[in-house]
Amino acid sequence: MPRIACLHTIDSNAAVFDEALRATGLTGVSLRHTVRADLLAAAERAGRLTPEIAAETVAVLRGLCAEADAVLLTCSTLGPAAEQAAPDAPVPVLRVDAALAAEAVKEGGRVVVLCAVATTVEPTRRLFEAAARATGAEVSVQVVPGAWEAFKAGDPDRYRTLVARAAGAAREDGATQVALAQASMAGAAALLPEDIRPLTSPTVGLAAAATASRAG
């Protein structure tokens with residue numbers, strides 16, 4: 001049974017990934033959740049992912065390798081740390097939004113990527129633009145105004161509503177694909193009609209981790 005260790009920076013994301021596992025239909029996969037909210041909080045205070053925060057994240061990711069067949073970093077702000085941890089890790093270490101980026105840009109066109117946290121913008125932009133070079137997709141990364149404030153205020157319904165509205169507006173403005181950069185945004189997709197539903201990272205990220213764990 002493949003074991004995937006998930007490193008979260010938001011408590012509620014454990015349930016998001018448990019639900020995503022059920023939605024993917026993956027069988028024989030077990031998830032283990034570790035939450036380090038302090039890492040995202042430190043990045044928010046610094047306004048970015050600093051080398052020190054990245055180094056601590058790398059250490060946590062490598063520690064999780066001991067009892068897993070793959071490790072999945074679910075925080076987009078910390079995403080580059082997964083790329084730093086991966087080369088010397090004994091099992092695959094992935095960032096959840098890498099699979100999202102590949103899926104979002106695969107058909108080219110205009111791709112709008114929505115973030116809730118400002119610290120996520122730059123690592124997300126770099127990731128999606130790198131993926132887009134192979135397909136010629138045009139990538140625009142945007143912050144949803146007021147969304148993170150609603151989340152931190154304990155108002156998940158408003159959080160999801162704001163994200164869904166922004167995703168719908170992006171499609172109306174001509175985006176051929178919309179992706180929700182952060183795993184915590186995934187619930188907003190269900191608020192939109194299926195034909196304009198944005199891509200979310202938990203399901204595609206878990207599928208990628210499961211494939212990597214079996215290959216390893």
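Observations, loosely collected:
- Note: relative contact order over the chain, using C-alpha pairs below 8 Å and six or more positions apart, is 24 percent.
- Each listed q (0.10 Å⁻¹) maps to a log10 I(q)/I(0) for region 98-200, found by the Debye formula over equal Cα scatterers with no solvent: -0.23.
- Compared with the alpha-carbon gap, the fully stretched path from ARG158 to ALA215 is longer by 16.5 nm at 0.36 nm per residue.
- A Förster radius of 45 Å, combined with the Cβ-Cβ distance separating GLU67 from SER140, puts the computed FRET efficiency at roughly 0.70.
- Here the dipole of the chain is about 120 debye; that uses its Cα centre as origin and unit charges on the Cβ of Lys and Arg (positive) and Asp and Glu (negative).
- Dipole magnitude for region 98-200: computed about the Cα centre from +1 point charges on Lys and Arg Cβ and -1 point charges on Asp and Glu Cβ, it is near 160 debye.
- Unit charges on C-beta of K, R, D, E only; dipole of region 91-139, Debye: 80
- Fewest-first sequence of LYS152, LYS106 by Cβ atoms within 10 Å of each Cβ: LYS152, LYS106
- A crude spin-label estimate for the pair THR176 and ALA130, with each label 7 Å from Cα along the Cβ direction, gives 2.3 nm.
- Extended-chain gain in nm, criterion 0.36 nm per residue less alpha-carbon gap, THR50 and GLU149: 33.4 nm
- Dipole of the chain computed with +1 at Lys/Arg Cβ and -1 at Asp/Glu Cβ about the Cα centre; of SER213, GLY63, THR124, farthest Cα towards the positive end is SER213.
- FRET efficiency for ALA41 and GLU194, using Cβ-Cβ distance with R0 set to 35 Å, rounded to 0.05: 0.45
- Listed residue (PRO193, PHE151, ALA166) projecting farthest to the positive dipole end of region 98-200, Cβ model: PHE151
Any read-out appearing in this document is the output of simple, stated calculations on the displayed coordinates, not a laboratory observation. Model, not experiment: these values are computed from the prediction. Reconstructed Cβ throughout: ideal geometry from the backbone, glycine too, with neighbour counts over all protein chains shown.
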